[in-house]
Amino acid sequence: TIKTLAAAIDAKDPYTNGHSERVSSYSMAIARHLGLNFDDVFHVRIAAILHDVGKLGIKDGILNKPGGLTDEEYAIMRRHPGIGAQIMAPISKLKTIIPGIRNHHETWDGNGYPDKLKGEEIPMVARIIGVADTFDAMTTNRPYQEAMTLEYVTAKLRAMAGSRFDPKVVDAFVAAVEAGDVTPPKREAGDETQPPQEVS
């Protein structure tokens, strides 16, 4: 059922085919390098697979719009974590994963959404998914940018440690990359590194 939901999410946004499974894989690697126990890694896996389930409630015209979004459209897009939490709330056995869905766009400095959580207030599962989600967004082709190199993205994530991301989670991500546990999809011929843009 969970994988079916993930397939529905990816099918709704053709630009991010396979995104949910990749974010889940990256998140589990980060969790293991953080030393999380088996049960916590499993919860991270499920939360990461379903982190974008709220996009099922976003209009296709916004979700698949090429180029940048207007301020109004971006505000609508930012609702997807809350929508996702609402979708999963009735499923009692999955309540432990809801923080990963609702809060994966919070930032370490408190400027994220939807709850403006800061630092340690952000659930660990959400901090992990936030790094994995951003990594996948930057290393795959999107309407607003071409895929960037592993080295470039790793350096950018290091630079965002302490502002956007938990430094401990970034350290675990870097360790996972160095161990070969995190590898992005192969870049297509002709892909060039592009300046970073806001990712969602």
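The values are calculated or read from the model by the stated rules, or taken from the named source; none is laboratory data. The structure displayed is predicted, hence computed values, not measured ones. Here the Cβ positions follow ideal geometry from the backbone for every residue, glycine too, while neighbour counts run over all protein chains shown. To get the accessible areas, we keep the full protein, side chains included, count just its heavy atoms, and leave off ligands, DNA and RNA. Shrake-Rupley method; radii C 1.70, N 1.55, O 1.52, S 1.80 Å.
Would you point out the residue of the range 60-106, among those that are part of a helix (DSSP H, G or I) and basic (Lys, Arg), that is modelled with the highest pLDDT? Show your work before the answer.
Taking the range 60-106 and keeping what is part of a helix (DSSP H, G or I), we get 60-63, 71-77, 80-88, 92-102.
From what's left, basic (Lys, Arg): 93, 95, 102.
Values: Lys93: 89, Lys95: 92, Arg102: 98.
Per the stated criteria, the residue is Arg102.
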Open item on the list: With the structure loaded, tell me whether Ala159 is open to solvent by 70 Å² or more (accessible area, probe 1.4 Å), of a type in the set (A, V, I, L, M, F, W, C) and modelled with pLDDT of 95 or more or whether it fails that test.
Closed with: yes
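Yes/no per residue for (1) open to solvent by less than 40 Å² (accessible area, probe 1.4 Å); (2) small (Gly, Ala, Ser); (3) in contact with an Asp or Glu (Cβ under 8 Å, 6 or more places away or on another chain):
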residue: Gly112; (1), (2), (3): yes, yes, yes
residue: Lys116; (1), (2), (3): no, no, yes
residue: Gly130; (1), (2), (3): yes, yes, yes
residue: Asp136; (1), (2), (3): yes, no, no
residue: Thr149; (1), (2), (3): yes, no, no
residue: Phe165; (1), (2), (3): yes, no, no
residue: Val170; (1), (2), (3): yes, no, no
residue: Gly180; (1), (2), (3): no, yes, no
residue: Pro184; (1), (2), (3): yes, no, yes
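Which residue is nearest to Gly180 (Cα to Cα), if the candidates are limited to the range 26-81 and must be of a type in the set (S, T, N, Q) and surrounded by fewer than 17 Cβ atoms within 10 Å (Cβ to Cβ)?
Going residue by residue through the range 26-81, those that are of a type in the set (S, T, N, Q) are 27, 37, 64, 70.
Adding the requirement that they be surrounded by fewer than 17 Cβ atoms within 10 Å (Cβ to Cβ) leaves 37, 64, 70.
Numbers: Asn37: 20, Asn64: 32, Thr70: 38 Å.
Ranking the candidates gives Asn37 first.
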Task: The lone exception for His51 - which of (1) more than 28 Å from Val169 (Cβ to Cβ); (2) modelled with pLDDT of 90 or more it fails - done: (1)
